[in-house]
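Everything on this sheet refers to the single structure shown next.
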Amino acid sequence: MQRCARGAYDGRCPPLTKPKLADILVRRDGAVGTLVFSNLEKHNAMTADMWEALPGRIGELDRDPGIRVIVLTGDGDKAFVSGADVSQFGANRSEPEAQRRYNEVVEAAYQSPARATKPVIAQIRGICFGGGLGLAAACDLRVCADDARFRMPAGRLGLGYSQAGVHRFLALVGVQSTYDLFYTARVFDAAEALRIGFVCRVAPVASLEATVRDLAGAIAENAPLTMEATKATINAWLRDPTDIHDGAAQAAIDRCNRSDDYREGVRAFAEKRKPDFARR
């Protein structure tokens, strides 16, 4: 009998297959770091372990000096994230203490894109429901394929959605659209997502990755400290629109104005050339 070498496939023996575990994969491509939500058997539903791992994965890319932009996307071609793994709700949300702990972990995951100092882009294809919609809402920018479908099904599950989560939707799409999406729990498409301001771009499926790559590349060419200051200022406004003297945002602005980024930008403008912010 023909034996197959371990780890090899010569075309005569069938390849070994193993069940794929749910995980968040990390990829790096130049200045862009990508996190891939991978749970293909459940359309990339987020397990408790995935929720818990997300802040650390984002933090890892945020601390990497070679990374300028972070992209979140789903594995395969069916879904960004289909939501939380509802099959785990019995274990994680049945008792008050377990529910409190689970909700804290999920909220920390939602907050992690905003806590990153670098721009975070959601690249969305296919299903983006529930927890996936919440994760996308937590990113700085959202780009979707024209096959994307969105839904906030909390009303069908009897869930009380967190105040912080609802506030994110209010900031993104306004009061009327937030009422509509939460009250009806209906599915909406890419065209409507663009119309209400949930996404900033819609691309054909075949060019989604290229569209996100071009957007991330354009951002990565700009001054990193200016991106950081812009994000800090916007996040401060989202927390409190009446506070125009947020200390952390002002500190980020001050770092820009005394940085090598600023000096390089001014020199490049005077010399009529493209700035090179890689040297800071």
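Each of S87, S162 has some number of other Cβ atoms within 10 Å of its Cβ, and from fewest to most they run S87, S162. Around the Cα centre of the stretch 116-225, unit charges on the Cβ atoms of Lys, Arg, Asp and Glu (plus for the first two, minus for the last two) sum to a dipole of about 280 debye. Using the Karplus relation 6.51 cos²θ - 1.76 cosθ + 1.60 with θ = phi - 60°, the per-residue 3J(HN,Hα) values for the stretch 195-201 come to 4, 8, x, 6, 10, 9, 8 Hz, with x marking Gly and Pro.
Please give the Cα centre distance for the stretch 169-222 versus the stretch 107-167, rounded to the nearest Å. One Cα centre to the other: 10 Å.
In a simple Cβ point-charge model (Lys, Arg +1; Asp, Glu -1; nothing else charged), the stretch 23-220 has a dipole of about 340 debye relative to its Cα centre. Report note on the peptides 203-209, 150-156: ranked by the mean count of other C-beta atoms within 10 Å, highest first, their order is 150-156, 203-209. Between L181, L159, L225, the residue with the greatest mean-square fluctuation in the GNM of the chain (Cα pairs under 10 Å linked by springs) is L159.
Near G155, once Lys and Arg are set to +1 and Asp and Glu to -1 for all other residues with Cβ below 12 Å from its Cβ, the sum equals +2.
Sorting V166, V266 from the fewest to the most surrounding beta carbons within 10 angstrom yields V266, V166. The structure shown yields mean projected area of the Cα convex hull in nm², and of the options (1) 14.6; (2) 19.7; (3) 17.2 that calculated value carries the label (2).
Footprinting exposure proxy ranking of W237, W51, fewest other C-beta atoms within 10 angstrom first, gives W237, W51. Note down the net charge around F182, summing +1 for each Lys or Arg and -1 for each Asp or Glu among other residues with Cβ under 13 Å from its Cβ. Every neighbour counted, the sum reads +3.
Read-outs: derived from the displayed coordinates by stated rules, not from any lab. Values in this document were obtained by computation on a predicted structure and should not be read as measured data. Glycine gets a Cβ as well: all are built from the backbone with ideal geometry, and neighbour counts include every protein chain shown.
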